[in-house]
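Peer 1: Following this message is one structure expressed as structure tokens.
The values are calculated or read from the model by the stated rules, or taken from the named source; none is laboratory data. The structure displayed is predicted, hence computed values, not measured ones. All Cβ positions, glycine included, derive from the backbone under ideal geometry; neighbour counts span all protein chains shown. Remember, those area values only see protein heavy atoms, side chains included, never the ligands or the DNA or RNA. Shrake-Rupley method; radii C 1.70, N 1.55, O 1.52, S 1.80 Å.
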Amino acid sequence: MTNSSNKYILLVMTAVLLSACSVTKKYERPTTLSTDRLYRDQAFADSTTIASMPWQSVFKDEKLNALIQKGLDQNLNLKNAIENIVQARASLQQSKLAYYPTLQLDANATHTKQSKAGLNFPAGININTLTTTYKLGLSTSWEADIWGKLSSSKRAALATYLASDAAKQAVQTQLISDIANNYFLLLAYDKQLQITQETLESRIKNVATIKELKEGAIVTGAAVVQSEANQHAAEVLIPDLKQRIRETENVINILLGQAPGPIERGKLDSQIVPQNLALGLPSQLLENRPDVRQAEFNFRVAFESTNLAKTYFYPSLTLTASGGFSNLQLTDFFTNSVFYSIIGGLTQPIFNKGLNKMRLTTAQSQQLQAYNNFQQSLLTAGQEVSNALYAYQMAAEKEDSRTKQIEALVKAVDYTQQLLEYSSATNYTDVLTSEQNLLAAQLSGINDNLQKLQAVVDLYRALGGGWK
């Protein structure tokens with residue numbers, strides 16, 4: 001071979017290698033993503049965040065922690081998410097094997113019958129021949145990853161696996177949040193039921209007192225009827241509260257992956273939440289929020305799919321080889337019957353009805369959609385953090401005012417009852433109004449406490465806590 005030929009071959013190989021470098025791109029996180037203002041009206045001091053705390057440290061109620069652990073062990077949605085990981089891992093392992101050649105074993109016996117009528121034989125004579133060919137061989141095929149097609153497929157499979165793992169983590173954080181929120185809701189219903197039952201007992205006694213006052217001509221029959229109506233107003237609240245308790249217990253049981261039944265629980269007043277609700281930096285959501293990480297991995301899958309679509313515009317180099325034994329007789333099958341072939345093929349697409357162009361256009365469009373979803377998940381995460389933090393702040397802001405309101409209403413009930421009993425300076429309508437306002441304020445106070453507890457749970461999940 002001449003020097004000019006060698007130079008030509010070297011030039012062609014160099015051009016091929018340079019082309020290969022430019023076909024696929026290396027993934028980098030998009031620089032267009034902005035996290036600076038994800039948390040509304042918040043200044044950021046350091047990277048300390050409650051998302052780094054294990055859930056056992058966030059929740060101090062041992063009964064709640066036992067329920068959460070049972071949910072992590074038994075929840076059916078979480079089990080399905082784990083199976084998605086198993087499937088993605090299998091795809092990833094298969095993609096790694098794509099670099100190796102295929103190997104197939106072929107063993108067969110072929111029977112062939114041929115008629116020789118009219119071939120140098122007298123008229124009317126028809127002779128048939130039957131031959132049997134025995135064959136045993138191996139064949140292999142290997143595609144060179146010149147343009148990065150196999151590498152892109154493997155990276156896409158890896159991103160899919162990581163996305164399925166992040167999805168499982170997102171299910172876990174949501175599960176912990178759902179169990180905790182419903183647990184606190186159950187405790188709030190318990191507290192409301194307790195207060196309502198205590199109020200009912202007080203109003204039953206009040207009816208008896210009003211009847212005695214009527215006998216003393218201090219109040220009229222209208223006051224007796226009003227007191228009885230006030231008693232029944234408390235009574236009708238109890239069935240609804242019991243129903244909500246039963247339904248919330250059933251919700252928790254579903255989260256635990258078990259049949260409906262009673263839930264062992266503590267008291268609302270004994271709940272302790274972290275005092276320092278550190279947010280950390282908004283950029284930490286990219287690493288802490290499982291759903292945000294899942295969205296980025298999905299974007300990486302789409303990115304590698306675009307890389308893969310580009311490689312179809314370039315030729316593919318495939319090497320195939322086969323060899324073995326073939327003979328008409330089994331007696332000397334392994335002697336004098338060897339065959340083999342080696343084929344190297346370079347296939348360049350020229351016209352395939354626009355398939356490659358369609359594949360690339362679709363992949364690029366899907367990549368843009370995945371990027372938009374990535375951005376949307378980050379914005380949603382910031383919104384959820386902002387909402388949860390503000391809900392906590394508003395619940396805390398109501399706490400002091402609600403306490404003062406309840407204290408004032410307790411005094412109002414006492415004063416009006418005393419005035420009604422010992423003087424004519426008031427009427428039963430004043431007593432009725434103060435009692436109704438007190439019960440409403442007490443129930444609202446429980447809701448304020450519930451809002452505060454659930455806001456902590458929501459903030460913990462929104463920051464990405466619960467999966468580490």
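Peer 1: Within segment 137-159, name every residue whose backbone N is under 17 Å away from a label modeled 7 Å from Cα of Gln87 along the Cβ vector.
Peer 2: Residues passing the 17 Å test: 157-159.
Peer 1: Give the accessible surface of segment 350-455 per residue, rounded to a whole number of Å², with probe radius 1.4 Å and ligands, DNA and RNA excluded.
Peer 2: For segment 350-455, the per-residue accessible area is 58 Å².
Peer 1: On average over all directions, what projected area in square nanometres does the chain have, based on the convex hull of its Cα atoms?
Peer 2: For the chain, the mean projected area of the Cα convex hull comes to 45.0 nm².
Peer 1: How much length is gained on full extension from Ala321 to Ala259, taking 0.36 nm per residue of separation minus their Cα-Cα distance?
Peer 2: Net length gain for the segment: 16.3 nm.
Peer 1: Additional query: Hey, got the dipole for segment 145-227? About the Cα centre, +1 on K and R Cβ, -1 on D and E Cβ, debye to the nearest 20?
Peer 2: 320
Peer 1: Quick one: length gained pulling Arg244 to Thr209 fully straight, 0.36 nm per residue minus the C-alpha distance?
Peer 2: That pair, Arg244 and Thr209, stretches by 9.3 nm at full extension.
Peer 1: Given a 1.4 angstrom probe, I'd like the percentage of the accessible area of the chain that is carbon and sulfur, rounded to a whole number.
Peer 2: Carbon plus sulfur share of accessible area: 55 percent.
Peer 1: Still on this structure, I have one more. Of Ile82, Tyr415, Ile210, whose Cα points farthest to the positive end of the dipole of the chain (charges on the beta-carbon: +1 Lys, Arg; -1 Asp, Glu; origin at the Cα centre)?
Peer 2: Ile82
Peer 1: Let me check against my output: what whole-number percent is the relative contact order of segment 353-448, with C-alpha pairs under 8 Å and at least 6 apart?
Peer 2: Relative contact order here is 27 percent.
Peer 1: Further, regarding this structure: Relative to the longest principal Cα axis of the chain, at what angle does helix 290-311 sit, 0 to 90 degrees, rounded to 10?
Peer 2: 20
Peer 1: Can I ask one more? Describe numerically, in nm with one decimal, the distance between label points set 7 Å from Cα along Cα→Cβ at Asn447 and at Gln69.
Peer 2: Going by the 7 Å Cα→Cβ label model, 3.6 nm.
Peer 1: List the chymotrypsin sites (Phe, Trp or Tyr not before Pro) in segment 350-412 that DSSP assigns to loop (not H, G, I, E or B) and whose Cβ has at most 11 other Cβ atoms within 10 Å. Which are they?
Peer 2: Here the chymotrypsin sites (Phe, Trp or Tyr not before Pro) that fit, given the DSSP loop and packing criteria, are Phe351.
Peer 1: Still on this structure, please answer the following. Label point 7 Å out from Leu97 along Cα-to-Cβ: which residues of segment 272-304 have amide N under 11 Å?
Peer 2: none
Peer 1: A further question follows. Counting helices only, and only those DSSP H runs with n ≥ 4, report the 222 nm mean residue ellipticity of the chain as the sum of -39,500 (n - 2.57) divided by its residues, in deg cm²/dmol to the nearest 500.
Peer 2: That calculation yields -22000 deg cm²/dmol at 222 nm.
Peer 1: Need the full-extension length gain, Thr32 to Thr112, defined as separation in residues times 0.36 nm minus the C-alpha distance. One decimal, nm.
Peer 2: Taking Thr32 through Thr112 to full extension adds about 21.9 nm, to one decimal.
Peer 1: Next question, about the same structure. For segment 248-295, run through the GluC sites (Glu not before Pro) and keep only the ones in DSSP coil with at most 14 other Cβ atoms within 10 Å of their Cβ.
Peer 2: Sparse-neighbourhood loop GluC sites (Glu not before Pro): Glu264.
Peer 1: Which whole-Hz ³J(HN,Hα) couplings does segment 381-398 yield from phi under the Karplus relation 6.51 cos²θ - 1.76 cosθ + 1.60, θ = phi - 60°, glycine and proline marked x?
Peer 2: For segment 381-398, the Karplus-derived couplings read 4, x, 4, 5, 5, 4, 5, 5, 5, 5, 4, 5, 5, 5, 5, 5, 5, 6 Hz, x marking Gly and Pro.
Peer 1: Name the residue farthest towards the positive end of the dipole of segment 234-295 from the options Pro260, Leu277, Pro290, assuming +1 on Cβ of Lys and Arg, -1 on Cβ of Asp and Glu, about the Cα centre.
Peer 2: Working it through, the farthest residue towards the positive pole turns out to be Pro290.
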